[in-house]
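Have a look at the structure below before the remarks.
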Amino acid sequence: MRLKGKVSIITGAAKGIGQATALKFAKEGAKVIVCDIDMTAVNETVDQIIVNGGEAVGFRVDVTDKESIAAMVESVVNKYGRIDTLVNNAGIVMDAQLKKMSEDQFDRVIDINLKGTYNCTKAVVDIMLEQNSGCILNASSIVGLYGNFGQTNYSASKFAVIGMVKTWARELGKKGIRSNAVCPGFISTSILNSIPRKVIDAIEQRVPLGRLGKPEEIANTYAFLASDEASYINGAVIEVSGGATL
Ligand code: NAP
C-alpha cells in the first residue's frame, strides 16, 4: 500500500477522474476526504470506498466557497490532526469561440478551475508548513500546454494552474512540500459530453494509442505522485495523454 495512512483531500471527487482518484487512494491505504458539490454522489463514493474496506469521509465542498473549504479543513484536522495530500481536481468547461464567449462563461471557469485551486491550497498550506511536509497535486490539461479551439477560458485557467504549481514548488519545496501538475489528454468522463461523437472519433484516431484515456489512468498518476516513490518530483508538469500532443 503506497499511501498507507496518508490523509488525502480530493476535490471534485464524486465523479470522473476525481472519483477514480478517491477509489485508488483508498485502495493504496489513504484516508480519503471526498469533496464535491453533489452530496448524493459524494455519499455513494464514500460508501463504495468503505464497502471495499477503505477509509473515507465526505464533505460538500464548493471550491469557489471559502467557508465550505474552511469547514472541511477544520473537520479534517480535528479528526486526523494532519493533511498529507491535496488533489485540486475540481474543474469545469464552458466552451465557446472567443467572439461568442460571454464574460460569465469566462469568469465561471476561472473561478472554479483557477481560483478554486488557489482557495483550497491556501486553506491547507499553513497546516502543511507546520508539519514540514505535504503534497499538492493539481489538474491542468494538455489544453494548459497548447491551448484549444473554443477554450479561451479553460486554457487560461489551465495555463495559470501550471504557473501556480511552479511558484509553489519554489516557495514551499524547502519546507518539505511538493507541488506538481498533471496534464490529462482526452479522458472518458462526462466533461467530454458536450463534444460530438464524430469529433471524439477523430480525436481517438489522432492519439497514438488509438483511444481515449480512462479516469483510472490519471488516478494512477496522482497516486504515484502522492507516494514517497515520487519524493524528488517537484514543480513537474506531467502529461498523461497517450501521446495526443505528438
Ligand atoms: P467531471 O467528470 O465533470 O468531474 C468533475 C467533478 O467536479 C464533478 O463531480 C463536478 O460536479 C465537480 N465540480 C464542479 N464544480 C465544482 C465546484 N465548484 N466545487 C467542487 N466540485 C465541483 O470532470 P473530469 O473529466 O473528471 O475532470 C476532472 C479534472 O480533470 C478537471 O479539472 C478537468 O479540467 C481535468 N481534465 C479532464 C480531462 C478529460 O478529458 N476528462 C482532460 C484534461 C483535464 P458536477 O458534475 O455536479 O458539476
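Derivation of every value follows stated rules applied to the coordinates shown; laboratory data play no part. Everything numeric in this text was worked out from a predicted model, so none of it was measured. Don't worry about glycine lacking a Cβ; one is built from the backbone with ideal geometry, like all the others, and counts go over all protein chains shown.
Being over 13 Å from Ser68 (Cα atoms) and out of contact with any strand residue (DSSP E or B) (no Cβ under 6 Å at 6 or more places or on another chain) is the filter here, so list the residues in the stretch 122-133 that pass it.
The answer is Lys122, Val125, Asp126, Ile127, Leu129, Glu130, Gln131, Asn132, Ser133.
Regarding Lys174, is this residue part of a helix (DSSP H, G or I) and within 13 Å of the ligand (Cβ to nearest atom)?
For Lys174, the condition - part of a helix (DSSP H, G or I) and within 13 Å of the ligand (Cβ to nearest atom) - is not met.
Of all residues in the stretch 204-246, count the ones that are part of a helix (DSSP H, G or I) and either surrounded by fewer than 16 Cβ atoms within 10 Å (Cβ to Cβ) or under 16 Å from the mean Cα position of the chain (by Cα) (or both).
Here is the first cut: in the stretch 204-246, the residues part of a helix (DSSP H, G or I) are 204-206, 215-226, 228-230.
Those left that are additionally either surrounded by fewer than 16 Cβ atoms within 10 Å (Cβ to Cβ) or under 16 Å from the mean Cα position of the chain (by Cα) (or both): 204-206, 215-226, 228-229.
Residues that pass the stated criteria total 17.
Restricting to strands (runs of 3 or more DSSP E) lying wholly in the stretch 25-137: which have 1 or more residues that are polar (S, T, N, Q), at negative phi and more than 10 Å from the ligand (Cβ to nearest atom)? I'd like the intermediate steps shown before the answer.
Values: elements: 31-36, 55-60, 85-88.
Correct list: 85-88.
So which residues in the stretch 129-187 are among the hydroxyl-bearing types (Ser, Thr, Tyr) and either free of Cβ contacts under 8 Å to residues at least 24 places away in the same chain or under 30 Å from Ile203 (Cβ atoms) (or both)?
Answer for the stretch 129-187, where residues must be among the hydroxyl-bearing types (Ser, Thr, Tyr) and either free of Cβ contacts under 8 Å to residues at least 24 places away in the same chain or under 30 Å from Ile203 (Cβ atoms) (or both): Ser140, Ser141, Tyr146, Thr152, Tyr154, Ser155, Ser157, Thr167, Ser179.
Under 25 Å from Ala219 (Cβ atoms) and either in contact with a Pro (Cβ under 9 Å, 6 or more places away or on another chain) or not aliphatic (A, V, I, L, M) (or both): which single residue out of Gln131, Gln105 fits that description?
One residue alone meets the criteria, Gln131.
Is it true that some residue in the stretch 182-193 is hydrophobic (A, V, I, L, M, F, W, C), closer than 23 Å to Asp84 by Cα and touching a strand residue (DSSP E or B) at 6+ places or on another chain (Cβ under 9 Å)?
yes
How many residues are in a loop (DSSP other than H, G, I, E, B) and within 13 Å of the ligand (Cβ to nearest atom) if we restrict to the stretch 177-203?
Here the count works out to 7.
Within the stretch 1-24, how many residues turn out to be outside any loop (DSSP other than H, G, I, E, B), more than 10 Å from the ligand (Cβ to nearest atom) and more than 13 Å from Ile49 (Cβ to Cβ)?
2
What do you reckon, is Asp36 free of Cβ contacts under 8 Å to residues at least 60 places away in the same chain, among the acidic types (Asp, Glu) and closer than 11 Å to Ala14 by Cα?
On the way: free of Cβ contacts under 8 Å to residues at least 60 places away in the same chain: yes; among the acidic types (Asp, Glu): yes; closer than 11 Å to Ala14 by Cα: yes.
Answer is yes for this residue.
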